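The values are calculated or read from the model by the stated rules, or taken from the named source; none is laboratory data. None of the values given here were measured: they were computed from a predicted structure. Ideal geometry is used to build each Cβ from the backbone, glycine not excepted, and the neighbour counts take in all protein chains shown. These area figures cover heavy atoms from the full protein model, side chains too; ligands, DNA and RNA do not enter into them. Shrake-Rupley method; radii C 1.70, N 1.55, O 1.52, S 1.80 Å.
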Amino acid sequence: MAFDVARVRGLFPALGDGWVHLDAPAGMQVPEQVATAVSTALRAPVSGPGGIFPASQRAEAIVDAARRAVADLVGADPAGVVLGPSSAVLLQRLADALSEGWFLGDEVVVSRLDHPGNIAPWQRAAQRTGSVVRWAEVDIETCELPAWQYDELVTPKCKLVAVTAASGSVGTRPDLRKIAEVARRTDALVVVDASSAAPFVPLDITSMDADVVAVSANNWGGPPVGALVFRDPSMLDLLPSVAVEPGARGPERLELGPHAYPLLAGLVASVEYLAGLDDAAVGPRRERVLTSLGSVKAYQAGLLANLINELRSLRHVMVIGDAMRRVPALAFTVAGVKATDGVEHLSERGVCAFADSGQHGVFSVLGVGEVGGAIRVGLAHYTNAAEVDELVRAVAELA
């Protein structure tokens, strides 16, 4: 494996601003090749699909390439890839479609660990149909999402289990296979939000045993577009269509209106970027993605372990959670310091971080709001050891 962080940093023009960008949970910075792909597509003649002239054929080629790129990322069939403006929008469309077959008393299971984008659509669908929402809870000490609780949560009335592949807040990666195994006993669908996992972990929709996987390209430095990936593409033709075109088939049934073709061109470039993170990656794009993300995973694991150890050595800092399997996102509190004041202090020292009030999501369950909220940071592909050290020094000054 050959992950060269110095080379990777050279791909990002935005890093020339002098800031330490530990704001990856909100979306990584954009590599030059992605920006170039978008601008090139904007300059080229692109029309709506369906015509026999070059501009129309170019639009069809961009959409086809985008489906194949996402399929290579997730290990799926391009015929099962739905494209749209964001994973949150697409999950809402999916919830609207699936819930047309739900009835009073049906159940859906969501988790406290998930992003609102994979909770709110199912809550709204349940409220509309009279279904019941059941909650999987996190371990308040480790921030793990215990798989054993699903044995009781998933009943014969359960229609769907929604769960994250990784938390962008505390980094936890649940055991998806065990959760899916329980869901299969009642034929409940498994919808996995892999947006926070995709930049750091090799994904395979079959090994996750997911029916649908959601991803957002901006999480790994792509443009603001998302995708839903269906393990069985034939499932799409069984869902109610939201398309403008009455005869829409396959993925187009959940795609509303024309695509943003330049952004889809950027999506393709962003998956190519992921495939090229390891200089040693060779072969078809799917193989290069797996090799590169395997190298990223190993690099980030060392960097994250060092950051956690350094923060825990500071007596006034408490790192939230201690999950065994995780992505490089974490949150911490500083004794006697409100999170908003903490991130202001970090900003004055050139470090980008976020404050969470602790009133919503996983932090509300952990009671973080009672101690002034949490400071959230996330490592990116371009984060190096020197930047981790800068963060630690700045946090140490908060004592």
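Overview of values
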{"quantity": "Evaluation of residue 265 against (1) closer than 30 Å to residue 50 by Cα; (2) of a type in the set (A, V, I, L, M, F, W, C); (3) open to solvent by 30 Å² or more (accessible area, probe 1.4 Å) (one fails), failing number", "calculated": "(3)"}
{"quantity": "Subset of segment 20-60 that is out of contact with any Lys or Arg (no Cβ under 9 Å at 6 or more places or on another chain) and polar (S, T, N, Q) - its residue that is most open to solvent (accessible area, probe 1.4 Å)", "calculated": "57"}
{"quantity": "From 8, 63, residue being buried (at least 17 other Cβ atoms within 10 Å of the Cβ) and more than 20 Å from residue 230 (Cα to Cα)", "calculated": "8"}
{"quantity": "One residue from 224, 246, 262 being in a loop (DSSP other than H, G, I, E, B) and within 22 Å of residue 69 (Cβ to Cβ)", "calculated": "224"}
{"quantity": "Residues (aliphatic (A, V, I, L, M) and either touching a strand residue (DSSP E or B) at 6+ places or on another chain (Cβ under 6 Å) or open to solvent by less than 10 Å² (accessible area, probe 1.4 Å) (or both)) located in segment 325-337", "calculated": "327, 329, 330, 331, 334"}
{"quantity": "Segment 293-345, residues that are over 27 Å from residue 194 (Cα atoms), part of a loop (DSSP other than H, G, I, E, B) and basic (Lys, Arg)", "calculated": "315, 338"}
{"quantity": "Matching option when the condition is without any contact (Cβ under 8 Å) to a residue 24 or more places away in the chain and either on the phi > 0 side of the Ramachandran plot or of a type in the set (Lys, Arg) (or both), among 105, 75, 130, 50", "calculated": "50"}
{"quantity": "Test: residue in segment 153-169 that is within 30 Å of residue 66 (Cβ to Cβ), over 16 Å from the mean Cα position of the chain (by Cα) and among the hydrophobic types (A, V, I, L, M, F, W, C)", "calculated": "yes"}
{"quantity": "Enumeration of residues in segment 338-375 that are open to solvent by 50 Å² or more (accessible area, probe 1.4 Å) and either in contact with a Pro (Cβ under 9 Å, 6 or more places away or on another chain) or among the basic types (Lys, Arg) (or both)", "calculated": "338, 349, 354, 360"}
{"quantity": "Among the residues listed as 82, 109, 89, the single one being part of a strand (DSSP E or B) and either within 29 Å of residue 146 (Cα to Cα) or open to solvent by 50 Å² or more (accessible area, probe 1.4 Å) (or both)", "calculated": "109"}
{"quantity": "Neighbours by Cβ (under 7 Å, 6+ apart or cross-chain): first from segment 178-206, under 11 Å from residue 73 (Cβ atoms); second among the aromatic types (Phe, Trp, Tyr)", "calculated": "198/220; 199/220"}
{"quantity": "Only listed residue being farther than 14 Å from residue 395 by Cβ, in contact with a Leu (Cβ under 9 Å, 6 or more places away or on another chain) and free of Cβ contacts under 8 Å to residues at least 40 places away in the same chain, chosen from 358, 372, 378", "calculated": "358"}
{"quantity": "All positions within segment 220-239 that are at pLDDT 95 or above, open to solvent by 20 Å² or more (accessible area, probe 1.4 Å) and over 16 Å from residue 78 (Cβ atoms)", "calculated": "224"}
{"quantity": "Subset of segment 274-292 (residues that are outside any helix (DSSP H, G or I) and on the phi < 0 side of the Ramachandran plot)", "calculated": "276, 277, 278, 279, 280, 281, 282, 284"}
{"quantity": "Residue 143, sole failed condition from (1) at positive phi; (2) out of contact with any Ser or Thr (no Cβ under 6 Å at 6 or more places or on another chain)", "calculated": "(2)"}
{"quantity": "Answer from 209, 187 - the residue that is touching an Asp or Glu at 6+ places or on another chain (Cβ under 9 Å), of a type in the set (D, E, K, R) and surrounded by fewer than 21 Cβ atoms within 10 Å (Cβ to Cβ)", "calculated": "209"}
{"quantity": "Residues within segment 34-53 that are assigned to a helix (DSSP H, G or I) and more than 30 Å from residue 346 (Cβ to Cβ), tallied", "calculated": "8"}
{"quantity": "Subset of segment 202-216 (residues that are in contact with a helix residue (DSSP H, G or I) (Cβ under 6 Å, 6 or more places away or on another chain), over 15 Å from residue 90 (Cβ atoms) and either part of a loop (DSSP other than H, G, I, E, B) or β-branched (Val, Ile, Thr) (or both))", "calculated": "202, 203, 205, 209"}
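Here's the yes/no breakdown for (1) open to solvent by 10 Å² or more (accessible area, probe 1.4 Å); (2) more than 20 Å from the chain's Cα centre (by Cα); (3) not charged (D, E, K, R):
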residue	(1), (2), (3)
116	yes, no, yes
128	yes, yes, no
140	yes, yes, yes
202	yes, no, yes
